[in-house]
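> My questions all concern the structure below.
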Amino acid sequence: MNCLNQIILEGNLVRQPEKRTLPTGAAVCTLPIAVNRRYKTGDGSYAEDVSYFDVDAFGNLADVCVKWCPKGRGIRVVGRLKQNRWKDEDGKSHSRVKVIAEHIEFKPFLKKNPDGSPAPQKEGDDSPKSADLGTPPLSKKKKLAMLAEAAVAAQHEQEANDIPVF
């Protein structure tokens, strides 16, 4: 049986991305994102749960993220989970799980007029719509199948919890 380590997250950046260079010379950018989940509780009211994830992007993907991912921007990340384990100087074991980005899609900037109303989007917006890691990407067919599977799962969850779609 083949092992699978794939994750899709969609959320908003909670801080400016932090770019650093590893001792090997590779660029890495950490994108802290918040993912919201709205659900119906047992008493019929709605509640919201927020989860925070650190996403690491490497190489050219890191450069693109630093340039195009300001705080508050919505992104969709396709990647994998990576667990780091270490022992501190007292011998205590620690563990942390991060998301390693392989593909990032950027949601449109929501520009506002001075009065707070949404501004019309420009035709010539030079902001990229997505970026991939320099490794061989998943085929378009496989990505679409993964996203379709995630959408079906979300739809089933919404129907099961009777969550209104906005």
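The values are calculated or read from the model by the stated rules, or taken from the named source; none is laboratory data. All values derive from a computational prediction rather than experimental measurement. Cβ: placed from backbone, ideal geometry, glycine included. Neighbour counts: every protein chain shown. To get the accessible areas, we keep the full protein, side chains included, count just its heavy atoms, and leave off ligands, DNA and RNA. Shrake-Rupley method; radii C 1.70, N 1.55, O 1.52, S 1.80 Å.
> Give region 21-40 a look and list any residue that's farther than 26 Å from Arg73 by Cβ and either open to solvent by less than 40 Å² (accessible area, probe 1.4 Å) or small (Gly, Ala, Ser) (or both), or say none.
Gly25
> May I pose another question? Read through the list (1) small (Gly, Ala, Ser); (2) touching a strand residue (DSSP E or B) at 6+ places or on another chain (Cβ under 8 Å); (3) farther than 30 Å from Ala145 by Cα, then give the number of the only condition that Gly91 fails.
Failing condition for Gly91: (2).
> Could you give me the residue pairs with C-beta distances under 7 Å whose first residue belongs to region 64-76 and is among the small types (Gly, Ala, Ser), whose second residue is surrounded by fewer than 17 Cβ atoms within 10 Å (Cβ to Cβ) and part of a strand (DSSP E or B) wherever it lies, and which are 6+ apart or on separate chains?
Listed pairs, sorted by first residue: Gly72/Asn12; Gly74/Asn12.
> Of (1) loosely packed, with under 14 Cβ neighbours inside 10 Å; (2) touching a residue at least 12 places away in the same chain (Cβ under 8 Å); (3) over 26 Å from Lys142 (Cα atoms), Ala47 satisfies all except one. Which?
(2)
> Continuing with the same structure: Among Asn84, Asn2, Asn12, which is the only one that is polar (S, T, N, Q) and under 11 Å from the mean Cα position of the chain (by Cα)?
One residue alone meets the criteria, Asn12.
> Give me the pairs, please: first residue somewhere in region 23-34 and without any contact (Cβ under 8 Å) to a residue 12 or more places away in the chain, second residue anywhere and among the polar types (S, T, N, Q) and open to solvent by less than 20 Å² (accessible area, probe 1.4 Å), beta-carbon distance under 8 Å, and either six or more positions apart or on two chains.
Correct list of pairs: empty, since none qualify.
> Inside region 1-117, counting only strands (runs of 3 or more DSSP E) that do not spill past its ends, which hold 3 or more residues that are in contact with a Lys or Arg (Cβ under 8 Å, 6 or more places away or on another chain) and of a type in the set (Asp, Glu)?
In region 1-117, 46-58 are the strands (runs of 3 or more DSSP E) which contain 3 or more residues that are in contact with a Lys or Arg (Cβ under 8 Å, 6 or more places away or on another chain) and of a type in the set (Asp, Glu).
> Pick from Ala47, Ala27, Ala62, Ala34: which is aliphatic (A, V, I, L, M) and in contact with a helix residue (DSSP H, G or I) (Cβ under 9 Å, 6 or more places away or on another chain)?
Ala27
> Another question, then. Just to verify a result, which residue in region 53-75, among those that are closer than 11 Å to Asn12 by Cβ and not aliphatic (A, V, I, L, M), is surrounded by the most Cβ atoms within 10 Å (Cβ to Cβ)?
Ranking the qualifying residues of region 53-75, first place goes to Cys69.
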